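The structure appears below as structure tokens.
Derivation of every value follows stated rules applied to the coordinates shown; laboratory data play no part. Here the structure is a predicted model, which means the values were calculated and not measured. Methodologically, a virtual Cβ is constructed for each residue, glycine included, from the backbone with ideal geometry; neighbour enumeration extends over all protein chains shown.
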Amino acid sequence: MIKPGIAIHGGAGTILRSSLTAEKEKQYRDVLSKALHAGYSILQKGGSSLDAVEAAIKCLEDSPLFNAGKGAVYNSVGKHEMDASIMWGKDISAGAVSLIRNVKNPISLARAVMEKSEHVYLCSEGAEEFARRVNLPFEPDSYFDSEFRFEQWKQAAQSEGTFLDHNVNVAADKKFGTVGAVALDTNGNLAAGTSTGGMTNKKFGRIGDSPIIGAGTYANNNTCAISCTGHGELFIRSVVAYDISCLMEYKGLRLREACNEVVMKKLVAIQGEGGLIAIDKAGNIEMPFNSEGMYRAMKNADSELVAIYK
């Protein structure tokens, strides 16, 4: 029987020990561990990688610590706009949403698009209307509000800049606040999902790589499942998630080799900062990043890891 495995991330960037108190670090580790076990417990019982990915991401979306769901940052008009995508490696079906508001768990809406519509990608009011039709829970604006995020937005609005995550001093402390999960189940099926609140003070309906299939999310049973976190524009231009799958399928690279080629060479060459989580059809897990740190965790039958720093 295939040994199942799962990996999750909560964003990458300039994450240093000096920037987190012991109490705050424990909070991050606790949520990562909770999300990891929510997903792995499904795999352990013979459940699908798709269910495991959704469960893990919902845990992260329900936490105010990460820039997705409840923790989503503010856009330029002081609202929360969220993006998400999910992909099923068994038949390369996929679902994605962007610029949605008030949907409690964007990852569940992305899955509903994949399973209950004829489409791959819905956005804005149309995606919200679809969410109501499939009876997904909504929350008022106050559910997504936090003083911490509001202060970030005020600082960004004063400078007319965009912040890459929940940082205060952006120049010294860049973070890319996407969350994601990848998994392999006992039937050999791979799945990947990604969710984000985007950039603080983002304008003009900006969309990053998270909801774009092939850029921020990809899964194919023949190769691997990938979820990315980083500077979205550069990840889109590099088609990061699909590029790793292609290197495996067409050049015969192993997962570690493909990840290293894309994250540590191709992205670095264009100053594309960030990282990703990956699992292949054999259950090998990689979590490479070229930034100072990445909130990440993995678990399989042989090992378990929750980590933040390099």
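Between region 279-307 and region 174-241, how many Å separate their Cα centres?
The distance from the Cα centre of region 279-307 to that of region 174-241 comes to 15 Å.
For a footprinting-style exposure proxy, rank I308, I107, I213, I226 by other Cβ within 10 Å, fewest first. Spell out each step's value before the answer.
Working: I308 19, I107 30, I213 23, I226 34.
Ranking I308, I107, I213, I226 by Cβ neighbours within 10 Å, fewest first, gives I308, I213, I107, I226.
In square nanometres, what is one fourth of the surface area of the convex hull spanned by the alpha carbons of region 9-97?
Details: hull surface 29.6 nm².
Averaged projected area of region 9-97's Cα convex hull equals 7.4 nm².
Which of R101, R256 comes first, and how do the rest follow, when ranked by fewest Cβ neighbours within 10 Å? Kindly include the intermediate steps, with their values, before the conclusion.
Working: R101 19, R256 14.
Least to most surrounded, the residues fall as R256, R101.
Could you please rank F144, F138, placing first whichever residue has the fewest other Cβ atoms within 10 Å of its Cβ?
On the way: F144 22, F138 13.
Ascending number of Cβ neighbours within 10 Å: F138, F144.
Just report the Cα centroid separation between region 26-59 and region 119-140, whole Å.
24
Just to check, using Stokes-Einstein with a Kirkwood Rh over alpha carbon pairs, what's the diffusion coefficient of region 178-310 at 25 °C and 0.890 mPa s in µm²/s? Present the calculation step by step, with values, prior to reporting the outcome.
On the way: Rh = 14.7 Å.
Answer from the Stokes-Einstein relation: 167 µm²/s.
First check a/c for the chain, with a ≥ b ≥ c the square roots of the eigenvalues of its C-alpha gyration tensor; if it is under 1.5, answer rounded, and if not, answer prolate when a/b is larger than b/c or oblate otherwise.
Note, shape of the chain comes out rounded.
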